[in-house]
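Rule-based calculations on the coordinates, nothing more; no lab input. Note that the structure is a prediction, hence the values are computed from the model and not measured. Cβ sites come from the backbone with ideal geometry, for glycine too, and all protein chains shown count toward neighbours.
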Amino acid sequence: MTVFSKILASDLPEMRDALEIYTDSFPANERHPADVIRERARDERYRVIVGREQNEIVFFAMLRPLRGSEFVLLDYMATKSRHRGQGVGAAFLKSVAGMAEVKGKFLLMEIEDPARGENREERARRVEFYRRQGAKQLQGVRYLMPGLSGGAPTEMILMVLPPCGEGEIDAMAVRRVVIQIYKELYNRDREDSLLNSFVNEIAGGRITLGP
C-alpha cells in the first residue's frame with residue numbers, strides 16, 4: 001500500500017528521491033532543471049507530495065493551487081519505473097480529491113496530445129489512464145506547452161477531474177487560468193507570441209468536458 005504525504009522542505013532526502021523519479025519520467029523538453037523544482041518545493045504556493053511503500057519513495061507529484069481561480073494544477077505526477085502499472089497513480093488521484101487544496105475545485109492537467117508527436121501510442125495510453133480515473137478533456141481547446149529546455153513547444157490537451165461530475169466549464173475562466181499558468185509557471189507575459197498563438201481561440205460561452 002502506498003502512503004502519500006506532503007514534504008515541506010527541498011533539502012530532505014525524500015526530495016532527492018523525488019527528483020530522481022522526476023528526471024527519469026519526463027523528457028528534457030517538458031522538464032524544469034532540478035534547481036527550479038527545489039525552489040518550488042520551498043514555495044508556499046506549491047504542494048510537493050511523495051508516495052512511500054515501506055521505506056522507499058515510489059511516487060512524486062506537485063500541485064499548484066491557482067489563486068483566484070477554481071483550478072488546481074497537477075504540475076507533475078510520476079511513479080518510479082519498477083512500480084508503474086501497480087495502481088500507484090490511480091490511488092493518488094483518488095486521494096487527492098479529498099485534500100483541502102483540491103476539494104470542490106477542478107484538478108487541471110496538461111497532457112501530451114495523443115494525435116501529435118512520435119510516441120502516439122504512449123501518449124494515448126496516458127490519456128486513457130486519466131480517463132479511467134474520471135478525467136475529462138476540455139473539448140476544442142488547443143494548448144501549447146513552452147519548450148522548457150529551449151526546444152520547440154509541445155502540443156498538449158487540457159484535462160480536468162471535475163468536482164461533482166460537471167459537464168461544462170466557463171470558457172473565460174479557462175482562458176484566464178491559461179494566461180495565469182503561462183505567467184506564474186513559465187514566466188511569459190500576456191504579450192508572449194506562443195501564448196497568443198492559441199489563447200485567443202478560447203472565446204466566451206461554455207466548454208464541454210468530454211471523454
Quiz item: Of ARG132, ARG40, ARG82, which has the largest mean-square fluctuation in a 10 Å C-alpha GNM of the chain?
Solution: ARG82
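Out of the GluC sites (Glu not before Pro) in segment 1-82, which ones are loop residues according to DSSP with at most 16 other C-beta atoms within 10 Å?
GLU44, GLU70
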Quiz item: Dipole of the chain, Cα-centred, from +1 at each Lys and Arg C-beta and -1 at each Asp and Glu C-beta, to the nearest 20 debye?
Solution: 480 debye
Quiz item: Is there a pair in LYS105/LYS136; LYS80/LYS136; LYS103/LYS183; LYS6/LYS183; LYS80/LYS183 whose C-alpha atoms are over 21 Å apart, and which pairs would that be?
Solution: LYS80/LYS136; LYS103/LYS183; LYS6/LYS183; LYS80/LYS183
Exercise. For ASP24 and LEU194, calculate 0.36 nm times their separation in residues minus their Cα-Cα distance, and state this gained length in nm to one decimal.
Key: 58.5 nm
Quiz item: Label-point separation (nm) for ARG125 and TYR186, each offset 7 Å from Cα along Cα-to-Cβ?
Solution: 2.7 nm
Quiz item: Can you give the relative contact order of the chain as a percent, counting alpha carbon pairs under 8 Å and 6+ residues apart?
Solution: 18 percent
Quiz prompt | Two-site label geometry, SER95 and CYS164: point separation in nm, points 7 Å out along Cα→Cβ | solution = 2.7 nm
Exercise. Return the single residue from GLY167, GLY151, GLY104 with maximal mean-square fluctuation; model: Gaussian network over the chain, springs between Cα atoms under 10 Å.
Key: GLY151
Quiz prompt | Modelled FRET efficiency - R0 45 Å, ARG206 with GLN54, Cβ distances, 0.05 increments | solution = 0.45
Quiz item: Taking the Cα-to-Cβ direction at ASP35 and at ALA173 and moving 7 Å from each Cα, how far apart do the two end points lie in nm?
Solution: 3.8 nm
Exercise. Enter the angle in degrees (range 0 to 90, nearest 10) between the Cα long axis of helix 171-186 and the first principal axis of the Cα atoms of the chain, meaning the one along which they spread out most.
Key: 50 degrees
Self-check item: GluC sites (Glu not before Pro) restricted to segment 109-211 and DSSP loop, no more than 14 other C-beta within 10 Å
Solution: GLU118, GLU166, GLU191
